[in-house]
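> Below is the structure I would like to discuss, written out as structure tokens.
What follows draws every value from the coordinates through simple rules; no lab data is involved. Just so it is clear, the structure is predicted and the values come from calculations on it, not from any experiment. We place every Cβ from the backbone using ideal geometry, glycine too, and count neighbours over all the protein chains shown.
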């Protein structure tokens, strides 16, 4: 068994592999680097065979999305720690060691993420993770350094090691035994929000999720689905509701989801007014898909978990113009 395995899930990402895989190999300190190909239809596999024969390749027969793809791939990887890394991430020297040391010293840490900066604007935090993920009581995710589409410049304000609510799937260090004991990602999600759902389940099982600024990476973002893609809108809204249904304490499920449905409706109206009819239709489809999905969603007895942000991030950001204090 390896101690650390860096596992890159790839779907039609030959260009990203060509650009970023050399930095991963160079800076991973001899740890195993694996590419799990999610049934790509480009020439990713041929490219890997010809240019990176030293990289272990796991080939899936069909595209199972981020959630199902990683679940299937990690069944074939023996390691103490997995590093789940997007193909569109540039890593830096010494990006693995500080986080592994942190997790070695505290067995209650199930997952951890580094500082996530933008590849295209390296002075600023990036959408997917920034300086650690949080969630408000209505289930809206946000990050230190990124709230909705507002990105902070990195001036060292988050140079710390801190417990967070969720770690980004763009670069997630995870304890392998915990990942498997909790059933991995929820394959029903396909893609988007599955890492938040997993982290929430980890916290419900009394594990910690951490952020460490001693490691940093640069993320392109939108490599598979751009954030303005209606398919991404659909998955985010459907999976956000599914995540609340699965993980909220029983006494809070009904009214929290009801409020979310109302706010989603308001969001849909705004999208129509902005001329984004397809995204509004995606929200409507997401709601009906959530109702159909309910029988498949496994609910376990849960407790209120912190640090859930006790205020509404929508109200604080859009109405009061406040930055969340977490």
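> Between residue 49 and residue 300, what is 0.36 nm times their sequence separation minus the Cα-Cα distance? Round to one decimal in nm. Intermediate results must be reported in sequence, preceding the final value.
Details: separation 251, 0.36 × 251 = 90.36 nm, distance 4.35 nm.
Net length gain for the segment: 86.0 nm.
> Going by how many other beta carbons lie within 10 Å of each one, how would you line up 168, 41, 15, fewest first?
On the way: 168 27, 41 8, 15 14.
Ordered from fewest to most neighbouring Cβ atoms within 10 Å, 168, 41, 15 come out as 41, 15, 168.
> At 0.36 nm per residue, and after removing the present C-alpha to C-alpha distance, how many nm does the segment from residue 272 to residue 101 gain when stretched out fully? Let's see the in-between values first.
Values: separation 171, 0.36 × 171 = 61.56 nm, distance 4.89 nm.
My answer for the length gained is 56.7 nm.
> Enter the angle in degrees (range 0 to 90, nearest 10) between the Cα long axis of helix 14-27 and the first principal axis of the Cα atoms of the chain, meaning the one along which they spread out most.
Compared with the principal axis, the helix lies near 70 degrees.
> How tilted is helix 65-74 with respect to the longest principal axis of the chain? Cα atoms for both, answer in degrees (0 to 90, nearest 10).
40 degrees
> Taking neighbour counts of Cβ atoms within 10 Å as a proxy for exposure, in what order, fewest first, do 66, 148 appear? Please list the in-between numbers first.
Values: 66 24, 148 12.
Sorted ascending by nearby Cβ count, the order is 148, 66.
> While we're here: Could you identify which residue out of 289, 131, 73 has the top mean-square fluctuation in a GNM of the chain using Cα springs shorter than 10 Å?
Highest fluctuation among the options: 289.
> In nanometres, what is the gap between the two model label sites at residue 122 and residue 160, each 7 Å from Cα along Cα-to-Cβ?
Distance between the two pseudo-spin positions: 2.7 nm.
> Based on other C-beta atoms within 10 Å, arrange 17, 102 from fewest to most.
On the way: 17 23, 102 18.
So the residues, fewest neighbours to most, are 102, 17.
> Let me ask another. Could you check the simple spin-label distance between residue 148 and residue 94, using points 7 Å along Cα→Cβ, in nm with one decimal?
3.9 nm
> Rank 84, 248, 297 by mean-square fluctuation in a GNM of the chain with C-alpha springs under 10 angstrom and give only the top-ranked residue.
297
> Hey, with R₀ at 30 Å, roughly what FRET efficiency would residue 252 and residue 206 work out to, going by the Cβ-Cβ distance, to 0.05? Could the numbers behind the result be given before it?
Numbers: r = 19 Å, r/R0 = 0.65.
Taking R0 as 30 Å, the efficiency between residue 252 and residue 206 is 0.95.
> Using a basic spin-label model with each label point 7 Å from the Cα along Cα→Cβ, how many nm lie between residue 262 and residue 314?
Reported label-point gap for residue 262 and residue 314 is 1.0 nm.
> Right, something else. Angle check, please: helix 194-204 long axis (alpha carbons) against the longest principal axis of the chain (alpha carbons), in degrees 0 to 90, nearest 10.
Tilt of helix 194-204: around 80 degrees.
> Estimate the FRET efficiency between residue 78 and residue 42 by the formula 1/(1 + (r/R0)^6), using the beta-carbon distance for r and 35 Å for R0, to the nearest 0.05. Let's see the in-between values first.
Numbers: r = 29 Å, r/R0 = 0.82.
The formula returns an efficiency of 0.75 here.
> Follow-up. Per q in 0.15 1/Å, what log10 I(q)/I(0) does a Debye calculation on the alpha-carbon atoms of region 230-302 return?
-0.49
> I would also like to ask the following. Kirkwood Rh over Cα pairs of region 170-289 into Stokes-Einstein at 20 °C, 1.002 mPa s: D in µm²/s?
Values: Rh = 16.2 Å.
Diffusion coefficient, whole number: 133 µm²/s.
> Another one. So in the chain, what percent of DSSP beta bridges are antiparallel if you round to the nearest 5?
Working: 23 of 51 bridges.
Counting DSSP beta bridges with both partners in the chain, the antiparallel share is about 45 percent.
> Sticking with this one: Using only alpha carbon positions, build the gyration tensor of region 89-179, then give the equivalent ellipsoid semi-axes as the square roots of 5 times its eigenvalues, largest first, whole angstrom.
21, 17, 11
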